[in-house]
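Chemist: Have a look at this one.
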Amino acid sequence: MSLRNKVTLIGYTGKEVEMVNFDNGNIKASVSLATSDHYTNAKGEKVEETQWHNLIAFGKVAEIMEKYVPKGKEIAVEGKLTYRSYDDKDGVKRYITEVRVDEILLLGGK
């Protein structure tokens, strides 16, 4: 077991899972995940801060996400950070950070 690149997140999905089918038979699922943190600022006010994460999954995990993860579902995921870049339509280089999900745990009641 490697602890070099490991991410664990618990949050709520922000949209429906998007699926991509590849010519070789593989599938990819992608969805956004919102995680929230609370803290008290210097004025004593409670502040909620939400972070959005891009999740991707392949194979069996992608099938589970497609079947059981609707928008707004609370899930826990474990995976690793991945980085990629591409050139947009205007030729500007864009960078994307994603969590490649290896394990998923369905939480909440929905």
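Chemist: Only one of these conditions is not met by D90: (1) part of a strand (DSSP E or B); (2) at pLDDT below 95. Which number is it?
Modeler: Here D90 clears every test but (1).
Chemist: Quick one: in segment 21-56, which of the residues that are aliphatic (A, V, I, L, M) and out of contact with any helix residue (DSSP H, G or I) (no Cβ under 9 Å at 6 or more places or on another chain) is surrounded by the fewest Cβ atoms within 10 Å (Cβ to Cβ)?
Modeler: Taking segment 21-56 as the starting set, the residues that turn out to be aliphatic (A, V, I, L, M) are 27, 29, 31, 33-34, 42, 47, 55-56.
Filter once more, keeping what is out of contact with any helix residue (DSSP H, G or I) (no Cβ under 9 Å at 6 or more places or on another chain): 33-34, 42, 47.
Details: L33: 24, A34: 14, A42: 5, V47: 10.
So the residue we want is A42.
Chemist: Moving on to the next point. Go through segment 57-85 and give me each residue that's free of Cβ contacts under 8 Å to residues at least 12 places away in the same chain and open to solvent by less than 90 Å² (accessible area, probe 1.4 Å).
Modeler: Matches in segment 57-85: S85 only.
Chemist: Out of all the residues in segment 20-37, which are in contact with an Asp or Glu (Cβ under 8 Å, 6 or more places away or on another chain) and of a type outside the set (G, A, S)? It would help to see each step written out before you state the result.
Modeler: Taking segment 20-37 and keeping what is in contact with an Asp or Glu (Cβ under 8 Å, 6 or more places away or on another chain), we get 27, 29-31, 36-37.
Once the filter is applied, which keeps residues that are in contact with an Asp or Glu (Cβ under 8 Å, 6 or more places away or on another chain) and of a type outside the set (G, A, S), segment 20-37 yields I27, V31, D37.
Chemist: Looking only at residues in segment 28-50 that are of a type in the set (A, V, I, L, M, F, W, C) and modelled with pLDDT under 95, which one is nearest to Y68 (Cα to Cα)?
Modeler: V47
Chemist: Report whether or not Y39 is out of contact with any Ser or Thr (no Cβ under 9 Å at 6 or more places or on another chain), at negative phi and among the hydroxyl-bearing types (S, T, Y).
Modeler: Numbers: out of contact with any Ser or Thr (no Cβ under 9 Å at 6 or more places or on another chain): yes; at negative phi: yes; among the hydroxyl-bearing types (S, T, Y): yes.
So Y39 fits the description; yes.
Chemist: How many of the residues making up segment 1-10 are modelled with pLDDT under 95 and either in contact with a Ser or Thr (Cβ under 8 Å, 6 or more places away or on another chain) or closer than 12 Å to M65 by Cβ (or both)?
Modeler: Looking only at that region, the number is 0.
Chemist: Just need a number here: residues in segment 7-54 that are assigned to a strand (DSSP E or B), aliphatic (A, V, I, L, M) and within 18 Å of E74 (Cα to Cα). Reasoning before the result, please.
Modeler: Going through segment 7-54, the residues assigned to a strand (DSSP E or B) turn out to be 7-13, 18-21, 27-40, 46-54.
Right, trim to aliphatic (A, V, I, L, M) and you get 7, 9-10, 19-20, 27, 29, 31, 33-34, 47.
This time we only want the ones that are within 18 Å of E74 (Cα to Cα), so: 7, 9-10, 29, 31, 33-34.
Of the residues in segment 7-54, 7 are assigned to a strand (DSSP E or B), aliphatic (A, V, I, L, M) and within 18 Å of E74 (Cα to Cα).
The values are calculated or read from the model by the stated rules, or taken from the named source; none is laboratory data. Computed from a prediction, not measured in an experiment: that's the story for all the values here. Virtual Cβ from ideal backbone geometry, glycine too; neighbours counted across all protein chains shown. Each accessible area value is taken on the protein alone, full model and side chains, heavy atoms only, with ligands, DNA and RNA left out. Shrake-Rupley method; radii C 1.70, N 1.55, O 1.52, S 1.80 Å.
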